[in-house]
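Before any comments, here is the structure.
The values are calculated or read from the model by the stated rules, or taken from the named source; none is laboratory data. In this text the structure is predicted, and so the values were computed from the model without any measurement. Methodologically, a virtual Cβ is constructed for each residue, glycine included, from the backbone with ideal geometry; neighbour enumeration extends over all protein chains shown. In case anyone asks, the SASA skips ligands and DNA or RNA and just uses the protein heavy atoms, side chains included. Shrake-Rupley method; radii C 1.70, N 1.55, O 1.52, S 1.80 Å.
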Amino acid sequence: MGTPRMMVIMLGAAGVIVAAVAALALDSWAVLVAVLVVHFAVSGAVIAYSLKKAAQDEGKPDPLTEARVEEEQAART
């Protein structure tokens, strides 16, 4: 995710929190339930996205990591 997209997501999350606090202050249980449903849906989407990105193989490691791995393999033999 780029920085602008992350900023929009963080502002949206802050909006959900403000809506939940407002719903509690106004004794509006229907709005509170709706905000909680949105919260759980978005949390599930973020967790699923994170797990998907963590499982991706990015290919070849950077040169420093590759050199360290080669040194460790040479030290074992």
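Points worth noting:
- Candidate set from segment 44-64 (those that are at pLDDT below 85 and small (Gly, Ala, Ser)); member that is nearest to the chain's Cα centre (by Cα): SER50
- Failed condition for ARG5, given (1) in a helix (DSSP H, G or I); (2) surrounded by 11 or more Cβ atoms within 10 Å (Cβ to Cβ): (2)
- Residues in segment 42-77 that are closer than 30 Å to VAL18 by Cα, open to solvent by less than 70 Å² (accessible area, probe 1.4 Å) and among the charged types (D, E, K, R): there are none.
- Top-ranked residue in segment 16-41 [being without any contact (Cβ under 8 Å) to a residue 12 or more places away in the chain and under 25 Å from LYS52 (Cβ atoms); ranked as most open to solvent (accessible area, probe 1.4 Å)]: PHE40
- Residues satisfying the stated conditions in segment 26-77, i.e. farther than 30 Å from ALA14 by Cα and basic (Lys, Arg): LYS60, ARG68, ARG76
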